[in-house]
Amino acid sequence: MIKKVLLIVMDGLGDRPVEVLGGKTPLEAANTPNFDALVKKSQCGLMYTLGRGKRPGSDTAHLSILGYPIQEYYNGRGPIEAAGVGIKLKAGDVAFRGNFGTVDSSWNCIDRRAGRITNVAPFAKALDGTIIDGVEFIVKPGSAYRAGVVMRGVGLSANVSDADSHNAGDNIHAVVPKDNTKEAKHTANVLNKFMKYSYEVLDKLPENKKLEEQGKLKANFLLLRGAGKFVTLPKFSQKWGFKNAACIAGGGLYKGIGAFLGMDLINVNGANAQVNTNLEGKFNAAINALNEYDFVFLHIKPTDSLAEDGKPIEKREFIEKIDKYISLLNKVDNETLIVITADHSTACELKAHTADSVPVMFYCNGIRNDNITKFGERDFAKGSLGILEGKDIMPNILNIMGKLPIIGA
Ligand code: ZN
């Protein structure tokens, strides 16, 4: 009887054949004995996370895989990022992704990341709790130069332009409403007052004086983008009938997805979403978490970042590095279903996400395995799962667990 689930998502794992890898994809070219041993005992297939011909973002792809249709639950990246920095969102909140940046006195953007400043906690603290026209601004620091920002108040709208230049050198314009509603006009008006206030506060901050003295760029502007209105949504564990769920990730967006869906975040030292991330620590944390949680989501980022940088050889090498830790999964008991997949393909050649399908495999005691011998995109085309969509994953998991409701009598 399967009682627990470990879902492993390797970001942007799928790819296209690459010449320097002899016409194989990085996954096909990788030497992966531990993955292959698991594949042989698994049921396999391919998946279009958002459906055919749809090019997924990481946020929308994860929501689909975790069983939250994006038409219903996706309102921009702001609320997910805000959840990821620990803000408890309420219905009606409008949330943004924020960057601390550097501007001159005419608000020409000099650097969108304030010289890649690594700690913005004092800057976020200076703005956190600001109230303008009855609207509260919640500002919490994220990793490096990033922040999560929430506007809380009555009658707000996410249908406003960004408070962001998007390019260094460009001037930051006033925020404008994107529709004629009084909510959008009110929100734009409050945001414009906040931009002015936050620039005045930040520019004079002692921390910025220190940066200036050191010849560094000041963090004197809070750039805001990706506005999204938060709608209450069912907790993942309740929606799918689990006791509790945990998320292990290094990247802010993925922690955000876990927090957004009400999962507990498990922090692992050295899990930084970079190539030198602590993979061993993450796998061990996931395996240990299965003693306490009946759903564990483990996210691994660099497969995507390396492809975005156009590095197929390094992507292959990183897949081989992950493979070393796959043998740790031998410690998982036989009441656990292991699902291994990706959120989307990222083609090294294009340095971009593509709408190509990704491999997906289900391994557990008693699964109807396909006897496929290699972990790879084209090998998985022979799998008995055929071609799935992201929305099929959770029902398939419930089916394996014997928890899927019957249709008819
Ligand atoms: Zn992704």
Quiz item: Under the condition of being closer than 19 Å to residue 366 by Cβ and among the hydrophobic types (A, V, I, L, M, F, W, C), which residue from the range 1-36 is most open to solvent (accessible area, probe 1.4 Å)?
Solution: 1
Quiz prompt | Residue check for residue 39: open to solvent by 10 Å² or more (accessible area, probe 1.4 Å), more than 16 Å from the ligand (Cβ to nearest atom) and either more than 17 Å from the chain's Cα centre (by Cα) or of a type in the set (A, V, I, L, M) (or both) | solution = no
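So that you can scan it fast, the table gives a plain yes or no per residue for (1) open to solvent by 10 Å² or more (accessible area, probe 1.4 Å); (2) more than 25 Å from residue 256 (Cβ to Cβ); (3) out of contact with any helix residue (DSSP H, G or I) (no Cβ under 7 Å at 6 or more places or on another chain); (4) at pLDDT 95 or above:
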{"site": "152", "(1), (2), (3), (4)": "yes, no, yes, yes"}
{"site": "171", "(1), (2), (3), (4)": "yes, yes, yes, no"}
{"site": "185", "(1), (2), (3), (4)": "yes, yes, yes, yes"}
{"site": "191", "(1), (2), (3), (4)": "no, no, yes, yes"}
Practice problem: Please find, within the range 241-250, the residue that is surrounded by the most Cβ atoms within 10 Å (Cβ to Cβ) out of those that are out of contact with any helix residue (DSSP H, G or I) (no Cβ under 6 Å at 6 or more places or on another chain) and modelled with pLDDT of 95 or more. | Solution: 242
Quiz item: If only one of 368, 378 is in contact (Cβ under 8 Å) with a residue 12 or more places away in the chain and farther than 23 Å from residue 300 by Cβ, which one is it?
Solution: 368
Quiz item: Which condition does residue 180 not pass, out of (1) crowded, with 18+ Cβ neighbours inside 10 Å; (2) in a loop (DSSP other than H, G, I, E, B); (3) modelled with pLDDT of 95 or more, if it passes all the others?
Solution: (1)
Quiz prompt | Evaluation of residue 390 against (1) within 16 Å of the ligand (Cβ to nearest atom); (2) within 23 Å of residue 19 (Cα to Cα) (one fails), failing number | solution = (2)
Practice problem: Check whether at least one residue in the range 326-347 is farther than 20 Å from residue 392 by Cα, touching an Asp or Glu at 6+ places or on another chain (Cβ under 6 Å) and open to solvent by 30 Å² or more (accessible area, probe 1.4 Å), and report yes or no. | Solution: no
Quiz prompt | Unmet requirement for residue 288, which otherwise passes all of (1) over 18 Å from residue 250 (Cα atoms); (2) open to solvent by 50 Å² or more (accessible area, probe 1.4 Å); (3) polar (S, T, N, Q) | solution = (1)
Exercise. Please state which one of 391, 351, 382 is more than 22 Å from residue 329 (Cβ to Cβ) and in contact with a Cys (Cβ under 9 Å, 6 or more places away or on another chain).
Key: 382
Quiz item: Can you tell me which residues in the range 147-175 are under 12 Å from residue 188 (Cα atoms) and within 25 Å of the chain's Cα centre (by Cα)?
Solution: 151, 157, 158, 159, 160, 161, 162, 163
Quiz item: Going through the range 358-409 one residue at a time, which ones are crowded, with 20+ Cβ neighbours inside 10 Å, outside any loop (DSSP other than H, G, I, E, B) and among the small types (Gly, Ala, Ser)?
Solution: 390
Quiz item: Given the structure, is residue 372 more than 16 Å from the ligand (Cβ to nearest atom) and in contact with a Cys (Cβ under 6 Å, 6 or more places away or on another chain)?
Solution: yes
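The values are calculated or read from the model by the stated rules, or taken from the named source; none is laboratory data. None of the values given here were measured: they were computed from a predicted structure. Methodologically, a virtual Cβ is constructed for each residue, glycine included, from the backbone with ideal geometry; neighbour enumeration extends over all protein chains shown. The protein model used for the area step is the full one, side chains on, heavy atoms only, and it has no ligands, DNA or RNA in it. Shrake-Rupley method; radii C 1.70, N 1.55, O 1.52, S 1.80 Å.
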